[in-house]
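Trainee: Take this structure first; my questions come after.
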Amino acid sequence: MERALLGGRYQVIRRLGSGGFSRTFLVSDLHLPNYPKCVIKQLKVQDKDAATLDMARRLFDTEARVLYQLGNHPQIPSLLAHFEENQEFYLAQEYVEGSRLSSQIEEGKPWSETRVVLLLQEILEILAFVHGQQVIHRDVKPSNLIRRHRDGKLVLIDFGAVKQVTSSPLVDAETGATNLTVAIGTHGYMPNEQYAGKPRFSSDVYAVGMLGIRALTGVHPQKIGEDPVTSELSWQPHAASVSAALAEVLDCMVRYDFRDRYPTATEALEALQNLPTPLSHNISPHLYHTWQRGAGGLVPSPQSNPGEAVLVPADTSEITAIAGTQDATSLFPLDTLYGARHTTQVRVRQQLGQLIASLPPIQPQTLLIVGSLGLVASLVALWQGGITVAFEPANRAVAAPFKSLSMPNLSTELGILLPPREKAAYLVKQADQLVRDERFPEALEIYKAAIAVQTDQAAAYLGRCRALIGLKRPSEAIAACNDALAYRSYYPEATRRKGNAEEQQGRLLAALALYEDTNQLMPALAAAWLDRGRVLQKLGRSAEALNAVDQAIALNRELAEAWTVRGEAAWTLERYDQAIVALDKALQLNPEDPAAKQLREQTRKTLGR
């Protein structure tokens with residue numbers, strides 16, 4: 001097995017590991033120059049009867065589809081290939097060198113609130129994207145998070161347990177509950193509804209909260225008791241000094257009843273970012289060693305002790321495709337500036353570190369000094385050498401939103417200092433916000449700059465398409481969407497936006513075909529179902545329009561336009577009572593919708609109300 005070419009192109013280098021359902025191999029892709037490495041994940045099928053093979057094929061098809069859907073996020077592994085061979089199923093995935101978020105979350109070694117908040121924000125930012133794509137991960141835990149060595153960013157891995165929220169009538173569109181009947185996850189990180197086989201988006205929020213509690217307390221989740229009356233977790237006795245603000249956020253993340261939690265990662269992230277800033281306290285800068293660029297084939301060992309960064313051969317790095325049973329982080333404390341007694345074996349930017357160390361505890365008004373160019377440049381240099389600078393309350397009594405103070409975000413604000421790929425992504429993010437603000441000409445200029453930095457930046461071409469639609473230049477928009485699809489063949493949003501441009505030109509059948517393609521590519525994209533319903537109504541196919549917008553509403557009940565289109569279709573079909581209900585809902589969501597107002601008044605006159 002290990003010596004054969006898999007899929008006719010992948011040469012196995014060695015086996016990486018085995019889990020309950022799969023095996024993973026490090027391989028070389030012989031069809032590409034320089035034979036780049038990637039990871040092959042093989043589904044272990046015990047029985048080869050038809051029913052088992054059909055189930056295995058369905059599971060792998062689901063995982064592949066989700067990985068394709070999520071693969072445009074820089075902190076989620078890309079899917080390179082998906083194939084079946086000799087009744088075995090294989091995924092070829094991106095090879096990522098890094099260290100698992102497990103070895104540093106150790107029993108009896110609690111983290112400071114600063115480190116916990118930084119970590120939770122990183123995880124929730126990735127998970128917010130996942131939930132935005134209507135996907136529930138279901139197995140968020142330390143061993144499924146890897147700190148990537150090349151840039152120090154967390155990567156969320158192992159989507160073998162994902163559940164995509166579909167438009168099935170058995171799905172609750174408001175809560176994300178699914179009709180799944182098998183519980184998949186990890187003990188200690190699974191809430192009760194997931195044990196029952198009914199995961200929600202908030203089930204992932206629970207797992208992230210448990211991960212934060214584990215880091216904050218140094219106690220494994222399975223060792224934390226419950227209140228016998230309320231069934232809520234009794235974790236605070238293990239963290240007596242935790243601030244009330246952070247405790248409140250964590251409590252909300254891990255509530256027993258899913259209805260009492262933050263519904264998605266986005267709301268949990270907002271709560272963390274809104275923690276009260278301790279402006280009435282002295283603030284001390286602390287350095288955390290988050291990553292080290294591999295030099296001479298060496299990277300930091302995930303087993304390094306606090307204050308140390310022991311280099312080991314890069315071959316010991318862990319790979320995204322492995323789902324180990326350990327838990328860990330490569331967020332190493334590095335010579336904390338006050339009271340540290342550890343010596344660092346590898347000192348990164350030592351002289352700059354001494355500069356920061358010479359600073360006294362910082363008063364709130366003195367934070368303005370950080371804006372001085374010399375110190376900013378020093379801090380960015382520290383970060384590029386593998387350091388995160390965070391500012392903690394000197395008395396450790398209050399948690400704060402550290403997002404704006406951590407060096408990775410500082411360097412993002414100074415986007416010009418980023419490497420080309422990261423700079424292009426940063427520019428696209430800026431331009432996307434301008435599109436949301438309907439500042440289309442400015443957005444076009446920034447997208448142009450992003451493409452100049454990285455010509456194959458598919459997201460920049462998609463952004464141009466959106467901005468050109470906003471400017472009512474559909475022919476140019478179509479060309480931009482075609483460019484996006486040329487650089488990323490699986491890009492449902494680009495297919496959809498090309499349909500928007502065709503619709504803007506009045507080419508309704510061409511637009512409809514593109515919307516139908518988008519529905520096939522990403523069934524959970526509510527906006528594409530709405531687009532399809534709107535065009536069908538324009539074409540006079542009202543019964544089909546009703547079906548399409550019902551799919552959109554099942555996925556997102558807050559789409560005002562979907563209710564308006566539903567009202568129009570019901571009116572055309574002379575289902576006036578249904579039209580009134582739909583139009584009332586549309587106006588509840590958007591009281592200023594002129595089409596809904598006019599049609600509701602017309603419907604009421606028809607009914608004599």
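Trainee: Would you confirm, using the coordinates I've provided, whether LEU59 is farther than 21 Å from VAL155 by Cα and at pLDDT 80 or above?
Mentor: Values: farther than 21 Å from VAL155 by Cα: yes; at pLDDT 80 or above: no.
Criteria not met by LEU59.
Trainee: Filtering region 410-424 down to residues that are surrounded by 15 or more Cβ atoms within 10 Å (Cβ to Cβ) and not in a loop (DSSP other than H, G, I, E, B), which residue is modelled with the highest pLDDT?
Mentor: The qualifying residue modelled with the highest pLDDT is ALA424.
Trainee: Out of curiosity, is THR606 of a type in the set (S, T, N, Q), over 30 Å from PHE201 (Cβ atoms) and either surrounded by fewer than 24 Cβ atoms within 10 Å (Cβ to Cβ) or within 33 Å of the chain's Cα centre (by Cα) (or both)? Break it down into steps so the answer makes sense when it comes.
Mentor: Working: of a type in the set (S, T, N, Q): yes; over 30 Å from PHE201 (Cβ atoms): yes; either surrounded by fewer than 24 Cβ atoms within 10 Å (Cβ to Cβ) or within 33 Å of the chain's Cα centre (by Cα) (or both): yes.
Yes; evaluated as a whole, the condition is true for this residue.
Trainee: Could I ask something else about it? For VAL565, indicate whether it is without any contact (Cβ under 8 Å) to a residue 24 or more places away in the chain and of a type in the set (A, V, I, L, M, F, W, C). Show your work before the answer.
Mentor: Values: without any contact (Cβ under 8 Å) to a residue 24 or more places away in the chain: no; of a type in the set (A, V, I, L, M, F, W, C): yes.
So VAL565 does not fit the description; no.
Each row is one residue, and each column tells you yes or no for (1) under 21 Å from LEU124 (Cβ atoms); (2) modelled with pLDDT under 80; (3) out of contact with any Lys or Arg (no Cβ under 8 Å at 6 or more places or on another chain).
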site: HIS149; (1), (2), (3): no, yes, no
site: ALA161; (1), (2), (3): yes, yes, no
site: GLY185; (1), (2), (3): yes, yes, no
site: ALA215; (1), (2), (3): yes, no, no
site: VAL229; (1), (2), (3): no, no, yes
site: PRO237; (1), (2), (3): no, no, yes
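Trainee: Return yes when LEU79 is in contact with a helix residue (DSSP H, G or I) (Cβ under 9 Å, 6 or more places away or on another chain) and at pLDDT 85 or above and no when it is not.
Mentor: Values: in contact with a helix residue (DSSP H, G or I) (Cβ under 9 Å, 6 or more places away or on another chain): yes; at pLDDT 85 or above: no.
Taking the combined requirement at face value, the residue does not satisfy it.
Trainee: Filter region 239-248 for residues that are touching a residue at least 40 places away in the same chain (Cβ under 8 Å) and part of a helix (DSSP H, G or I); which is nearest to the chain's Cα centre (by Cα)?
Mentor: From region 239-248, those touching a residue at least 40 places away in the same chain (Cβ under 8 Å) are 239, 241-243, 245-246; that's our starting set.
This time we only want the ones that are part of a helix (DSSP H, G or I), so: 245-246.
Working: ALA245: 25, LEU246: 22 Å.
My answer is LEU246.
Trainee: Here's something else I'd like to know. When ALA582 is evaluated against the numbered criteria (1) surrounded by fewer than 20 Cβ atoms within 10 Å (Cβ to Cβ); (2) in a helix (DSSP H, G or I), which criterion, by number, is the only one it fails?
Mentor: Result: ALA582 fails condition (1) only.
Trainee: Hey, ALA128 hits all of (1) in contact with a strand residue (DSSP E or B) (Cβ under 9 Å, 6 or more places away or on another chain); (2) more than 18 Å from ARG214 (Cα to Cα); (3) assigned by TED's automatic domain parsing to the domain that holds ARG200; (4) at pLDDT 80 or above but one; which does it fall short on?
Mentor: All conditions are met except number (1).
Trainee: Can you tell me which residue is farthest from LYS597 (Cα to Cα) among those in region 552-571 that are surrounded by 21 or more Cβ atoms within 10 Å (Cβ to Cβ) and not hydrophobic (A, V, I, L, M, F, W, C)?
Mentor: Result: ARG566.
Trainee: Could you say whether any residue in region 425-441 is part of a helix (DSSP H, G or I) and over 22 Å from the mean Cα position of the chain (by Cα)? Let's see the steps before the verdict.
Mentor: We begin by selecting, within region 425-441, every residue part of a helix (DSSP H, G or I); these are 425-436, 440-441.
Subset that is over 22 Å from the mean Cα position of the chain (by Cα): 440-441.
Looking for residues that are part of a helix (DSSP H, G or I) and over 22 Å from the mean Cα position of the chain (by Cα), one finds at least one in region 425-441, hence yes.
Trainee: Considering TYR491, TYR447, TYR487, which residue is without any contact (Cβ under 8 Å) to a residue 60 or more places away in the chain and crowded, with 24+ Cβ neighbours inside 10 Å?
Mentor: Numbers: TYR491 fails: without any contact (Cβ under 8 Å) to a residue 60 or more places away in the chain; TYR487 fails: crowded, with 24+ Cβ neighbours inside 10 Å.
Going through TYR491, TYR447, TYR487 in turn, the sole match is TYR447.
Trainee: Do we have SER99 as without any contact (Cβ under 8 Å) to a residue 24 or more places away in the chain and touching a strand residue (DSSP E or B) at 6+ places or on another chain (Cβ under 8 Å) here?
Mentor: Working: without any contact (Cβ under 8 Å) to a residue 24 or more places away in the chain: no; touching a strand residue (DSSP E or B) at 6+ places or on another chain (Cβ under 8 Å): yes.
Spelling it out, it is not the case that SER99 is without any contact (Cβ under 8 Å) to a residue 24 or more places away in the chain and touching a strand residue (DSSP E or B) at 6+ places or on another chain (Cβ under 8 Å).
Trainee: Let me ask something else. Cβ-Cβ distance below 7 Å, separation of 6 or more or different chains: which pairs start in region 457-484 with a residue that is at pLDDT below 95 and end on one that is among the basic types (Lys, Arg) and surrounded by fewer than 24 Cβ atoms within 10 Å (Cβ to Cβ)?
Mentor: Close Cβ pairs satisfying both conditions: ALA458/ARG488.
Trainee: Condition first: more than 25 Å from the chain's Cα centre (by Cα) and either under 19 Å from PHE60 (Cα atoms) or hydrophobic (A, V, I, L, M, F, W, C) (or both). Now tell me which residues in region 27-42 satisfy that.
Mentor: Residues of region 27-42 that are more than 25 Å from the chain's Cα centre (by Cα), as a first pass: 27-36.
Correct list: VAL27, LEU30, LEU32.
Trainee: Could I ask something else about it? Scanning region 84-111 for residues that are over 30 Å from PRO221 (Cβ atoms) and either among the polar types (S, T, N, Q) or part of a strand (DSSP E or B) (or both), which turns out farthest from the chain's Cα centre (by Cα)?
Mentor: If we take residues in region 84-111 being over 30 Å from PRO221 (Cβ atoms) and either among the polar types (S, T, N, Q) or part of a strand (DSSP E or B) (or both), then ASN86 is farthest from the chain's Cα centre (by Cα).
Trainee: Continuing with this model, one more query. Please find, among ASN482, ASN519, the residue that is part of a helix (DSSP H, G or I) and closer than 28 Å to LYS448 by Cβ.
Mentor: ASN482
Trainee: Go over the candidates LEU154, LEU145 one by one and state the one that is at pLDDT 85 or above, surrounded by 23 or more Cβ atoms within 10 Å (Cβ to Cβ) and not small (Gly, Ala, Ser). Spell out how you get there, then give the answer.
Mentor: On the way: LEU154 fails: surrounded by 23 or more Cβ atoms within 10 Å (Cβ to Cβ).
After ruling out the rest, the residue left standing is LEU145.
The values are calculated or read from the model by the stated rules, or taken from the named source; none is laboratory data. In this text the structure is predicted, and so the values were computed from the model without any measurement. Here Cβ is always computed from backbone atoms with ideal geometry, including for glycine, and neighbour counts include all displayed protein chains.
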